[in-house]
Amino acid sequence: AEDIFKQIRESSRWFLENSSSVAINEHALQKFATSILPEDLNSAEKTPFPLKFKSKSSELDFIGLVNLLNFGSGYRELLHAACNRGAYDTMAFGCIAAHISAQAINADFLLNLKLVDIPQLFGIP
């Protein structure tokens, strides 16, 4: 697990150093970090997925991707109109479909994902 956090820190540092369009507001970050109460973390609801994962790492990849895809969700209304589902349900649906179809939800999966795969996996017409 420590290896995963080290990789996240290193890749985040690299991205920040090499991107001209990303900046970190240290004051806002500190304010946010101090606003999180430990009891809130312990009592946070987990959304169970009816899936079996090969490892904790693959489960973390899956949950991370669902939430990264859902982040911002400026397309919520469009998805409701097209799919009768909101953004979170659509993203979860697509990730579950990928997992069930024996896809490893990892960087290789994302790199090899084709535009034609999106409607099939996520149920988007």
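Numbers at a glance
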| item | result |
| --- | --- |
| Restricting the stretch 93-106 to residues that are under 12 Å from the mean Cα position of the chain (by Cα) and either on the phi > 0 side of the Ramachandran plot or outside any loop (DSSP other than H, G, I, E, B) (or both), the residue that is surrounded by the fewest Cβ atoms within 10 Å (Cβ to Cβ) | Gly94 |
| Residue that is farthest from Ile4 (Cα to Cα) [pool: residues in the stretch 30-59 that are at pLDDT 80 or above, open to solvent by less than 90 Å² (accessible area, probe 1.4 Å) and assigned to a helix (DSSP H, G or I)] | Ser35 |
| Residues of the stretch 69-86 satisfying the condition of being in a helix (DSSP H, G or I), modelled with pLDDT under 85 and open to solvent by less than 40 Å² (accessible area, probe 1.4 Å) | Asn70 |
| Filter result for Leu115 (farther than 18 Å from Leu51 by Cα and at pLDDT 90 or above) | yes |
| Selected residue [open to solvent by less than 70 Å² (accessible area, probe 1.4 Å) and modelled with pLDDT under 85] from Val66, Val22 | Val22 |
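The values are calculated or read from the model by the stated rules, or taken from the named source; none is laboratory data. On a predicted model such as this, the values are computed, not experimentally measured, just so you know. Quick reminder, even Gly has a Cβ in these numbers, built from the backbone with ideal geometry, and neighbours come from all protein chains shown. The accessibility values were calculated without ligands, DNA or RNA, using every heavy atom of the protein model including side chains. Shrake-Rupley method; radii C 1.70, N 1.55, O 1.52, S 1.80 Å.
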